[in-house]
Structures are given as structure tokens and as C-alpha cells.
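Participant: The structure is given below, and queries will be raised subsequently.
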Amino acid sequence: MVRLWIALGVAAVVFYIYSVADCALFDRSRVRGLPKPVWLLIIILFPIIGGILWFLIGRGRRRADNVRRVTAPDDDPEFLGKLRMDRDQEERIRQLEKELAELDENGPDNDQTGRRDG
């Protein structure tokens with residue numbers, strides 16, 4: 001029975017130290033409920049209960065701002081812009097091909113170099 005109490009005491013001390021360190025080093029902008037110094041005071045005054053409350057209530061979760069959200073291609077502005085550029089480029093290519101075809105139809109008589117094949 002004594003071993004059980006010693007093990008529980010060691011676990012409580014480890015949990016207490018971890019709770020205080022976690023609260024002290026945690027990002028201030030992600031703390032919920034109370035200001036960070038108040039949470040530290042609660043953890044120090046009520047070691048086990050304060051630590052449990054800190055992990056359940058006070059410790060905020062990681063924000064989704066840092067996580068890149070996966071979107072469908074038709075919702076991605078970068079992808080849509082790339083499609084517009086591709087479409088514009090294809091239109092330019094069609095126009096150039098049309099101009100080349102017109103030049104080929106005119107034959108060698110209208111050669112811009114002034115030379116005649118012959």
C-alpha cells in the first residue's frame with residue numbers, strides 16, 4: 001500500500017511540474033478563459049485540480065490559421081488565375097497560327113524579304 005501512495009505522489013508531483021511548465025511556456029494568445037498569470041496562480045495554489053482545469057479549459061487548441069486548408073481546384077484563386085493565363089496564351093497561339101496560315105495562303109509573291117523563289 002505504501003508503494004501505491006509513493007507512486008501516486010510521484011505522479012502528482014510530475015503532473016504538477018508539467019502543468020506549471022506548460023502554462024508558463026504556452027503561447028499567451030492561445031490561452032482561454034482567464035489570463036495566463038491567473039492560470040499559473042490556480043495551478044500553483046491547487047496543484048492537481050488546477051492542472052486538470054488548465055488542460056481542460058485554459059489550454060487552447062492549435063489555430064487553424066497555420067494549417068493550409070485544402071480546397072477544390074475550382075475554389076482556389078491561384079488555380080483559376082492559372083487557367084485564365086492558359087486560356088489567354090491559347091488564344092494568342094490561335095491568333096498567331098491564323099496569321100501564319102494567312103501568310104502561307106498569300107504565297108511566295110508577298111514574301112517580305114523581296115526575294116522570289118524560282
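The values are calculated or read from the model by the stated rules, or taken from the named source; none is laboratory data. Everything numeric here is computed off the predicted structure, so don't read it as measured data. Glycine gets a Cβ as well: all are built from the backbone with ideal geometry, and neighbour counts include every protein chain shown. In case anyone asks, the SASA skips ligands and DNA or RNA and just uses the protein heavy atoms, side chains included. Shrake-Rupley method; radii C 1.70, N 1.55, O 1.52, S 1.80 Å.
Participant: Could you pull the accessible area for Ile52 with a 1.4 Å probe, rounded to 10 Å²?
Facilitator: The accessible area of Ile52 comes to roughly 80 Å².
Participant: Computed FRET efficiency, Cβ-Cβ of Ile6 and Arg28, R0 41 Å: what is it to the nearest 0.05?
Facilitator: Numbers: r = 37 Å, r/R0 = 0.89.
Using R0 = 41 Å, I get an efficiency of 0.65.
Participant: Related question: At what distance in nm do the modelled label points of Phe46 and Arg92 sit from each other, each positioned 7 Å from its Cα along Cα→Cβ?
Facilitator: Reported label-point gap for Phe46 and Arg92 is 6.8 nm.
Participant: Moving to a separate point now. So, counting K/R as plus one and D/E as minus one, what does the shell of residues with Cβ under 13 Å around Ile43 add up to?
Facilitator: Numbers: positive: Lys36, Arg59; negative: Asp22.
For residues surrounding Ile43, the net value is +1.
Participant: For the range 5-50, I need the span (max minus min coordinate) of the C-alpha atoms along each principal axis, in Å, sorted largest to smallest.
Facilitator: Extents along the principal axes, in whole Å: 37, 16, 12.
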